[in-house]
1. With unit charges on the beta carbon (Lys/Arg positive, Asp/Glu negative), name the residue among S276, T290, G232 whose Cα is farthest towards the positive pole of the charge dipole of the stretch 227-299.
2. Mind ranking 315-328, 229-242 by how tightly packed they are, going by the mean number of other C-beta atoms within 10 angstrom, highest first?
3. Could you please state how large a percent of the accessible area of the chain is carbon and sulfur, counting protein chains only and using a 1.4 Å probe?
4. Which net charge results when you count Lys and Arg as +1 and Asp and Glu as -1 among the other residues whose beta-carbon is under 9 Å from that of S305?
5. Among the listed pairs K87/K219; K136/K291; K291/K366; K6/K385, give every one whose C-alpha distance is greater than 29 Å.
6. Give, rounded to the nearest 20 debye, the magnitude of the charge dipole that the stretch 37-142 has about its Cα centre when Lys and Arg contribute +1 at Cβ and Asp and Glu contribute -1 at Cβ.
7. Measure out, as a whole number of angstrom, how far apart the alpha-carbon centroids of the stretch 7-75 and the stretch 80-117 sit.
8. Find, among the GluC sites (Glu not before Pro) in the stretch 322-372, those assigned to loop by DSSP (not H, G, I, E, B) with at most 12 other beta-carbon atoms within 10 angstrom.
Amino acid sequence: MSADSKFGDYGGQYVPEALMPAIEELTDAYERYVLDNEDGFMDEFRDRLRDFGGRPLPLQRADQLSARYDREVYLKREDLLHGGAHKLNNALGQVLLAKYMGKERIIAETGAGQHGTATAMAAAHLDMPCEIYMGKTDIARQRPNVFRMRTNGAEVTPVTAGRGTLKEAISETMRDWATTVEDTHYVIGSVVGPAPFPAMVRDFQAVISEEAREQIQEKAGRLPDAVLACAGGGSNTMGTFAHFVDDEDVGLYAVEAGGSSLSVDEESGVAPNSASLSTGDEGVLHGARTKILQDADGQIMESHSISAGLDYAGVGPELAHLVDTGRVEAVNVDDDAALEAFHRLSQDEGVIPALETAHAFGYLEKNYSELGDVVVVNVSGRGDKDLETVIEETMERDLSIAPDMSVFREVGGGAL
Ligand SMILES: *Cc1c(COP(=O)(O)O)cnc(C)c1O
């Protein structure tokens, strides 16, 4: 763990002057409590991850997938973390850090609502007031998550600017923070934003690979040949890769959302994918220099993915750097292949993955012969939140693998 603020040309602190005191205070707290374990911060973090979060989480051999692909396939079961995804590792770490810093209020942004939900849970657990900024479009399409946040006692504030999605919600949360830094901590949801967030969020998520690296050596007697994780902002990939980065023989694969196509629709200015590592260009977004989906004028493009959690135009600066140096391979999988992989993992293994996670399995399905004998795939989250989407999308598509949907056709919509 180290307090890097730059990763090659990426990263940095591109923030308004008003935010610099907050950034400096946070950097100091990160170094003392997280890196130096002052006041036993990391011990308390680990205790709470165990008792509240349910860690350590299993590394499970996937018997059917291993037979199908003729190699050892292991699942890191991050879907079993409290809340149903890896996001709580980071949310709990940051809310606890805010407590150690003497802050009295938590704010966060959310897109699909997964990070907002994890933050609201962590804030309730640690008895901190919490306000979540969320685009109005996202509120309308993510009602269950909005209700989860409210149930946990968080305020949900609609953001009406722009198209009312994640990008605007982040900007609004930064604006709040600039005027409330004295008593408020901003819990960023991924390895993005100005330093120290990318390094700090990575360190909170690194518990995934810390466990997995030990577990795979116990189970397979060796390190894996390949480790796969899906990449939205990149916290799941950075956490899954962190303890393997120095193992040069372990291949690291960041699987992005290829959406419906990798090419840009010039007329609408929409990128029908979220593959910023594969197709983005260098620029500054939300306080950091990184790879971004942008048009020729540098305007941020709207991204698309079948999975809301991968639908972001940027990506973490350290991940972008690791791809540039060749340590991490950036690959992508389209909506159809992710949906097929969702059904494959559910049918073969009895594990219903989040649509984000399904992208990693879509890559495994198409490229397993190149991945070596022992493969670890991180199951970043469970699929319960995606079932409505999966029903609709499965009915609309001609997939090579899917359950019989006739029962839904007979009774029509609204079955769930
Ligand atoms: C949010 C989310 C992701 C993507 O976010 P990262 O910042 O890339 O980790 C992946 N999987 C699940 C289940 C998620 O909820």
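1. In the stretch 227-299, that residue is G232.
2. Values: 315-328: 23.3, 229-242: 30.6.
The packing order, highest mean first, is 229-242, 315-328.
3. Using a 1.4 Å probe with all protein chains present, the chain comes out at 44 percent carbon and sulfur.
4. -4
5. Too far apart for the 29 Å limit: K6/K385.
6. Here the stretch 37-142 has a charge dipole of around 360 debye.
7. About 12 Å separates the Cα centre of the stretch 7-75 from the one of the stretch 80-117.
8. Passing both the DSSP loop test and the Cβ count: no residue.
The values are calculated or read from the model by the stated rules, or taken from the named source; none is laboratory data. Just so it is clear, the structure is predicted and the values come from calculations on it, not from any experiment. Cβ atoms come from the backbone with ideal geometry, glycine included; neighbour counts cover every protein chain shown. Note: accessible area is taken over every heavy atom of the protein model, side chains too, but ligands, DNA and RNA are not part of it. Shrake-Rupley method; radii C 1.70, N 1.55, O 1.52, S 1.80 Å.
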